[in-house]
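First the structure, in the form of structure tokens, and then the observations on it.
The values are calculated or read from the model by the stated rules, or taken from the named source; none is laboratory data. In this text, all values refer to a predicted model and were calculated from it rather than measured experimentally. No Cβ is skipped: glycine too gets one built from the backbone with ideal geometry, and neighbour counts run over all protein chains shown. These area figures cover heavy atoms from the full protein model, side chains too; ligands, DNA and RNA do not enter into them. Shrake-Rupley method; radii C 1.70, N 1.55, O 1.52, S 1.80 Å.
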Amino acid sequence: TLEYTSQCMGYMRVALMTKRVVNADMCRQFKAMEPAIWSGKSRVKVYAVDAAYGGDRCVGGFVEFGETIDGKIRVQCARPNIIPISVKDAQLPEDQIAAYVKMNCEAESIPPDKMFHDATGRGSLGTALARIWSAETNPIDFGGKPTKRPVSLDIFVKDMATHQRRLARCDEYYSKFVTELWFSIRYLIEAGQMCGLPTEVMDELCMREWKKVGLGGIERIQIETKEDMKKRAGRSPDLADWLAIAIEGCRRNGLQ
């Protein structure tokens, strides 16, 4: 990593100067694109929607997690779909999305409480889902604060109050919740727990940069804003945002 070569070995690696949340070498090294081989035990399916109402792509699809034959818990990605929205349709865009999601989830036997959607800014999709399908779906606000969950099960800090070693919390590690969502994908890949990652989703994950910012005298990780990424890369990371929502849904359903 950039931190190891600069702080421990004492030199800068030019190839690591541009900090990306995920890179293709990482995905290949940890076999993130290979299919999962399940153990036969029950699995959990989670559906996610990165909503858009014109301009950006509206992305929907599911992932599932469970135990593989080596006893490890892994997440398998199904290829996401672009949800069609027609301006000629008499239905509101939110209603079109809700109807599509209901049809997909029922086809995959995914209950409403396992469905997660982007609620940043325009929160009307939740109302449409409640009217057309169910009020038990789960909104995800990208603009919120990081949670107090552990970053991962192997990143530790020294507690300043107790002087004891403990797991680092996300609110100590990240500046914003959206950063927590994206880095959860990175750590899932590095743990060898990601399977079936579609190439087009990986490409978008590899596009987003991050930096360290000072908050209250403490450095925290922050990914670049979607607006800045659009200006630099020329497109919105809709597929990657979809996966971030899906992995958050898995974490809320017990994935570690």
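Relative to the longest principal axis of the Cα atoms of the chain, the long axis of helix 238-252 lies at roughly 80 degrees. Among the GluC sites (Glu not before Pro) within the stretch 111-187, those in coil by DSSP and having at most 15 neighbouring Cβ atoms inside 10 Å are Glu136. Surface calculation, 1.4 Å probe, protein heavy atoms: Glu209 sits at approximately 50 Å² accessible. Plugging the Kirkwood radius over Cα pairs into Stokes-Einstein for the stretch 38-145, at a temperature of 4 °C and a viscosity of 1.567 mPa s, what D comes out in µm²/s? Answer, rounded: 88 µm²/s. All distinct Cα pairs of the stretch 117-255 go into the 1/r average, and the inverse of that average, the Kirkwood radius, is 16.5 Å. Distance between the 7 Å Cα→Cβ label points at Ile155 and Ser86: 4.5 nm.
Cross-link check: pairs Lys114/Lys176; Lys45/Lys226; Lys45/Lys72; Lys45/Lys231 evaluated at a Cα-Cα cut-off of 26 Å; pairs beyond the cut-off: Lys45/Lys226; Lys45/Lys231. Please sort by residue number the trypsin sites (Lys or Arg not before Pro) in the stretch 147-256 whose DSSP state is loop and whose Cβ has at most 10 other Cβ atoms within 10 Å. Listed in order of number, the matching sites are Lys148. Per-residue extension of 0.36 nm, minus the Cα-Cα distance of Glu219 and Ala107, leaves a gain of 35.8 nm for this segment.
Full extension of the chain between Tyr4 and Thr199 gives 67.4 nm of extra length, using 0.36 nm per residue less the Cα-Cα distance. Element breakdown for the chain at a 1.4 angstrom probe: carbon and sulfur atoms account for 52% of the accessible area. Computed over every Cα-Cα pair of the stretch 94-199 and binned at 5 Å starting from 0, the pair-distance distribution P(r) comes out as 2, 11, 16, 15, 15, 16, 12, 7, 4, 2, 1 percent. Going 7 Å from the Cα of Glu190 toward and past its Cβ, which residues in the stretch 124-163 have a backbone nitrogen under 13 Å from where you end up? Flagged as within label range: 151-156.
Put His163, His117 in order of accessible area, highest first, and with a 1.4 Å probe you get His163, His117. With θ taken as phi - 60° and the Karplus curve 6.51 cos²θ - 1.76 cosθ + 1.60 applied, the whole-hertz 3J(HN,Hα) list for the stretch 53-69 is 10, x, x, 6, 7, 9, 10, x, x, 10, 10, 9, 10, x, 8, 8, 5 Hz, x standing for glycine and proline.
Pulled fully out, how much extra length does the chain show between Glu136 and Ile69, if you take 0.36 nm times their separation in residues and subtract their Cα-Cα distance?
20.8 nm
With both labels modelled 7 Å from their Cα along Cα-to-Cβ, the Lys145 to Asp56 distance reads 2.4 nm. In the context of the full set of protein chains, residues of the chain present 51 Å² of accessible surface per residue (probe radius 1.4 Å, heavy atoms only).
The share of Cα pairs per 10 Å bin across the chain, counted from zero up to the longest distance, runs 7, 29, 35, 21, 7, 1, 0 percent.
With both labels modelled 7 Å from their Cα along Cα-to-Cβ, the Asn253 to Arg28 distance reads 3.2 nm.
Throw me the Rg/Rh for the stretch 188-256, computed over C-alpha atoms with Kirkwood Rh, two decimals.
1.02
Restricting the stretch 82-134 to trypsin sites (Lys or Arg not before Pro) that sit in a DSSP loop and have at most 13 other Cβ atoms within 10 Å of their own Cβ leaves Lys88, Arg122.
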